[in-house]
1. When the helix-only estimate is applied to chain C (DSSP H runs of n ≥ 4, each -39,500 (n - 2.57), divided by the residue count), what is the mean residue ellipticity at 222 nm, nearest 500 deg cm²/dmol?
2. On C-alpha positions alone, give me the angle between the axis of helix A:33-59 and the longest principal axis of chain A, in degrees, nearest 10.
3. Return, ordered by residue number, the residues of segment D:9-37 whose backbone nitrogen is under 13 Å from a label point located 7 Å along Cα→Cβ of C:E83.
4. Go ahead and run the numbers for FRET between B:H36 and B:A171, Cβ-Cβ distance against an R0 of 30 Å, rounding to 0.05.
5. Of B:G39, B:G187, B:S206, which is farthest along the charge dipole of the protein assembly as shown in the positive direction, counting Lys and Arg as +1 and Asp and Glu as -1 at C-beta?
6. Evaluate the distance, in nm, between pseudo-label points positioned 7 Å from the Cα of D:A17 and of C:W96 along their respective Cα→Cβ axes.
7. Please give the residues of segment C:47-85, grouped as numeric ranges, whose backbone N is less than 15 Å from a label point set 7 Å along the Cα-to-Cβ vector of C:A127.
8. For C:G62, what charge total do you get from the other residues with a beta carbon under 14 Å from its beta carbon, if Lys and Arg give +1 and Asp and Glu give -1?
Amino acid sequence: MTPRTALLAAAELLGWWVALALLWLVLISTVDPLELAVGAGSALVGALAARAARRAVTGS
Amino acid sequence: MTRRTRLWVLLTGGAGLAALLVAACLRLPHFGGDRHPYGDRAVHASLTRHTANTVSSVNFDQRAFDTLGEMTILFAAVLGCVVLLRQTRDERRARPEPAEVARPVRRYALLVLPVALLSGLYIVAHGQLSPGGGFQGGVVAATALHLLYLGADYAALERVRPVGMYEVGDALASSAYVVTGIAGLIGGTAFLANTLLPYGTFNTLSSGGTVPLLNAAIGMEVACAVVVLLARFLDQAVEIEEESGR
Amino acid sequence: MNGWLLAATVGLAGGLGAALWGVATGPLRRRVVAQNLSTALACPSLLLLSQAYNRPSYVDLGLVLALLGPVGTLVFARLLADELAEDPPRAWGLTWTVAGLGAAAVTALCVATGPSRAMVKLLVIGALLISGNAIASRALSGGFRGVRGG
Amino acid sequence: MADAVIVVALLLVAASATVAVATRDPMRQALVLSVLGVVLAVLFTVLQAPDVGLSQLAVCSALTPLLLMLAVRKVRRRGREREGER
């Protein structure tokens, strides 16, 4: 895990996290701190799944 | 006890049951009418506990014990599938060969997988506010994971989905549901009673006391159960073959 | 007289009726296209119903159908790849007209809801639905040619 | 007006259920079951039961077809292997 690939991985995760957090904001109706916290957590899970899926497919 | 007499016993029993059913149906509230004795009480109870979605309140608060039964039914069904669809001695497991899928389909699968996963988590989290809940969100999240099989091949899905972890997740979520129930006992009230947590402000994520917790437990349990179930079906259909030489 | 409800009823009766007739009769390739179009027609109807009943929470049903409808068609495309290989379905015209209908319904709903996060949610659902159905019909007409074992 | 949509949904469910029973080939029946699921979800939504409609949608749109088609594939493959050996 050279620094470069680590940076790339972090950038990809961050990209997915921002996109999914925005999608969460669109999905919910009322915005309050707890919703944002749960949204951030779910977006992180989604970002990890997205990266794992891409690596699984390209790796094959 | 010839066949004819047995038939007669069946017919009389059936006729009696039919008569009772018709009598009961005649006294049901009118279709689309405004008198709902059970509905009014359920809505009143769910509103007093600040749960916006009455169906979730019935599922996870007033009749939480029935949902415990439903959860164990799903758990037992998946357990039965795992036992039945296991690899027997005379079968061998062939490596699933990588499949070549059209680029747009693969890109679509990789794009929609996280979106569907997030939507599933959204449906589980807002179970007690808007239509949805643990069951629906869990199935959506589990189906999202299988976009990998549809968009690429089974080897890619196997790399991302360690089945053992999902079986543990299934068992953990079921026991989390039961432990939340027992916490009600320890708290001095009844099993699965919704008296532990404050009910929070209406129509927010933290409203409804233990309803969100039970929702999350059911969501995780259903998602893991569906993944384990589909894993066994996919194994049988894609990987496991009979020994050709007799 | 609720215009949205009328539009939803016409969409359901006409669209789903035709999809059901298409999936019930005819060669396998037409049945698969009919199944694909059944979700492409049902999702806008669900969105119209949520506007007709004035309940924004019903939009989540449209969201789930827009996400999982095309996945169902991908399942059929992948597991029927051998049967569909002989005469692959060619229904681009029909798919794009139905997508156009869906887009029209979504834009009408967006105009009705006005600029807000709810409108963005409707646009996201519309985009998911149309891209999903386009990809699904792409998969039906030969997306899984290289797949032997399924 | 609201009843009209209920009548349409009920008719569609009745028709697709009959077609599902009438279709003999399992693969074609899986297709019809998928459409039946969507129509049932619409009926539940029209009868103001969105939670049930959502469960019906979540299960019938992708999960049931996948289970059905995998089972049909396994049975067909086993049949073909048996014929190959005989």
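None of the figures in this text is laboratory data; all of them are computed from the coordinates on show. None of the values given here were measured: they were computed from a predicted structure. Neighbour counts run over all protein chains shown; Cβ positions are idealised from the backbone, glycine included.
1. Details: 7 runs with 114 residues, N = 150.
My calculation for chain C gives -25500 deg cm²/dmol from helical runs alone.
2. 20
3. Only D:23-34 fall inside the zone, counting backbone N under 13 Å.
4. Details: r = 39 Å, r/R0 = 1.29.
For B:H36 and B:A171, the calculated efficiency is 0.20.
5. The listed residue farthest towards the positive side: B:G39.
6. Taking the two extended label points, one gets 4.0 nm.
7. Those under the cut-off are C:67.
8. Values: positive: C:R55, C:K121; negative: C:D60.
Neighbour charge sum, excluding C:G62 itself: +1.
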